[in-house]
Amino acid sequence: MDWQLVADSFWPLLRGGLTGTIPLALASFAIGLVLALIVALLRLSPNPVLSWIGRAYVSVIRGTPLLVQLFVIFYGMPSIGILLDPWPSAIIAFSLNVGGYAAEVVRAAILSVPKGQWEAGWTVGMSPVRSLQRIILPQAARVSVPPLSNTFISLVKDTSLASLILVTEMFRKAQEIAAFSNEFLTIYVEAAFIYWLFCTVLSSGQNALEKRLDRYVAH
């Protein structure tokens with residue numbers, strides 16, 4: 001292994017992760033969570049049309065590969081006159097994907113809150129919307145932290161697919177360095193190591209957050 005190449009390429013790869021991979025994951029996850037909440041509420045709606053829309057969205061997103069979703073948005077949409085740059089395309093695709101998977105997590109978390117909590121809100125004169133905002137969602141948020149954290153960690157790794165639509169993130173940088181140096185194994189192993197570092201840090205943060213939230217749970 002060329003250790004000098006490893007040392008020289010470490011900072012460019014890390015910088016690609018900090019300025020490309022992590023921002024892409026954060027933006028996509030934030031938008032995806034909003035979509036997930038909307039879709040979860042659609043799934044829970046007593047209106048059959050709204051509920052069907054939510055189920056259809058989840059079915060399409062979970063039933064098709066993320067790579068295909070990326071290609072449809074970046075390479076397919078121009079055929080109907082919608083031309084998007086690589087970054088917006090990646091954010092849209094990842095956000096839609098997160099929304100489809102996280103919607104079921106959010107829905108399950110809302111359903112896990114005892115029905116008596118809704119009744120408590122009605123007793124003090126809260127509307128259903130106010131009860132959802134002030135009582136149900138805060139409790140559901142605590143329940144959904146572990147699976148949503150895992151979704152975010154998976155998203156950080158999935159952002160490597162964005163290199164296939166020309167987004168300059170860490171793996172795209174690794175491809176460029178590997179092509180220039182002709183040391184593909186060395187550079188790709190180094191990129192994998194940095195992905196592992198990111199995920200290890202995020203997992204530590206997840207554990208700390210879960211312990212903090214656990215303080216407010218009666219045992």
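The values are calculated or read from the model by the stated rules, or taken from the named source; none is laboratory data. If you're wondering where the values come from, they're calculated on a predicted model, not measured in any experiment. All Cβ positions, even for glycine, are placed from backbone atoms using ideal geometry, and neighbour counts span all protein chains on display.
How many of the residues making up the stretch 171-202 are part of a helix (DSSP H, G or I) and in contact with a helix residue (DSSP H, G or I) (Cβ under 7 Å, 6 or more places away or on another chain)? Full working, then the answer.
Let us first name the residues in the stretch 171-202 that are part of a helix (DSSP H, G or I), namely 171-181, 184-202.
Narrowing the set further to residues that are in contact with a helix residue (DSSP H, G or I) (Cβ under 7 Å, 6 or more places away or on another chain) leaves 171-175, 177-178, 181, 184, 186-188, 190-191, 194-195, 198-199, 202.
Number of matching residues: 19.
What are the residues in the stretch 42-57 that are surrounded by 18 or more Cβ atoms within 10 Å (Cβ to Cβ) and farther than 16 Å from Ser95 by Cα, if any? Explain how you work it out, then say what you get.
The initial filter retains those residues of the stretch 42-57 that are surrounded by 18 or more Cβ atoms within 10 Å (Cβ to Cβ), namely 42-43, 54, 57.
Matches in the stretch 42-57: Leu42, Arg43.
State all residues of the stretch 110-127 that are in contact with a helix residue (DSSP H, G or I) (Cβ under 8 Å, 6 or more places away or on another chain) and modelled with pLDDT of 75 or more; if no residue qualifies, say none.
Ile110, Leu111, Ser112, Val113
Quick check on the stretch 175-183. Is at least one of its residues more than 21 Å from Leu42 (Cβ to Cβ), among the small types (Gly, Ala, Ser) and touching a residue at least 40 places away in the same chain (Cβ under 8 Å)?
First, pick out the residues of the stretch 175-183 that are more than 21 Å from Leu42 (Cβ to Cβ): 175-183.
Still in the running and among the small types (Gly, Ala, Ser): 178-179, 181.
Now narrow it down to the ones that are touching a residue at least 40 places away in the same chain (Cβ under 8 Å): 181.
Checking the stretch 175-183: at least one residue is more than 21 Å from Leu42 (Cβ to Cβ), among the small types (Gly, Ala, Ser) and touching a residue at least 40 places away in the same chain (Cβ under 8 Å).
Go through the stretch 154-170 and report how many residues are buried (at least 19 other Cβ atoms within 10 Å of the Cβ) and part of a helix (DSSP H, G or I).
To start, the set of residues in the stretch 154-170 that are buried (at least 19 other Cβ atoms within 10 Å of the Cβ) comprises 155-156, 158-163, 165, 167, 169-170.
Those still in the list that are part of a helix (DSSP H, G or I) too: 155-156, 158-163, 165, 170.
Summing the residues that are buried (at least 19 other Cβ atoms within 10 Å of the Cβ) and part of a helix (DSSP H, G or I) in the stretch 154-170 gives 10.
Residues checked against (1) of a type in the set (A, V, I, L, M, F, W, C); (2) assigned to a helix (DSSP H, G or I); (3) crowded, with 18+ Cβ neighbours inside 10 Å:
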site	(1), (2), (3)
Leu70	yes, yes, yes
Met77	yes, yes, no
Pro88	no, yes, no
Phe94	yes, yes, yes
Asn97	no, yes, yes
Tyr101	no, yes, yes
Ala108	yes, yes, no
Gln117	no, yes, no
Ala120	yes, yes, no
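Of the conditions (1) out of contact with any helix residue (DSSP H, G or I) (no Cβ under 7 Å at 6 or more places or on another chain); (2) under 25 Å from Ile153 (Cα atoms), Leu24 clears all except one; give me its number.
Failing condition for Leu24: (1).
Need pairs with beta-carbon distance below 8 Å; first residue within 14 Å of Ala30 (Cα to Cα) and within the stretch 141-156, second aromatic (Phe, Trp, Tyr); sequence gap 6+ or separate chains.
Thr151/Phe29; Thr151/Tyr101; Phe152/Phe29; Leu155/Phe29; Leu155/Phe94; Val156/Tyr195; Val156/Phe198
Ala178 - would you say it is at pLDDT below 90 and of a type in the set (A, V, I, L, M, F, W, C)? Explain how you work it out, then say what you get.
Details: at pLDDT below 90: no; of a type in the set (A, V, I, L, M, F, W, C): yes.
So Ala178 fails the test.
Return the total of residues in the stretch 23-40 being surrounded by fewer than 17 Cβ atoms within 10 Å (Cβ to Cβ) and either on the phi > 0 side of the Ramachandran plot or not small (Gly, Ala, Ser) (or both). Give the steps one after another, and end with the answer.
Initially, the stretch 23-40 is screened for residues surrounded by fewer than 17 Cβ atoms within 10 Å (Cβ to Cβ), giving 23, 26-27, 30, 34, 38.
Next, from what is left, pick out any that are either on the phi > 0 side of the Ramachandran plot or not small (Gly, Ala, Ser) (or both): 23, 26, 34, 38.
Qualifying residue count, the stretch 23-40: 4.
Being of a type in the set (Ser, Thr, Tyr), modelled with pLDDT of 85 or more, surrounded by fewer than 16 Cβ atoms within 10 Å (Cβ to Cβ) and within 27 Å of Phe29 (Cβ to Cβ) narrows it down to one residue among Tyr195, Tyr188; which is it?
On the way: Tyr195 fails: surrounded by fewer than 16 Cβ atoms within 10 Å (Cβ to Cβ).
Going through Tyr195, Tyr188 in turn, the sole match is Tyr188.
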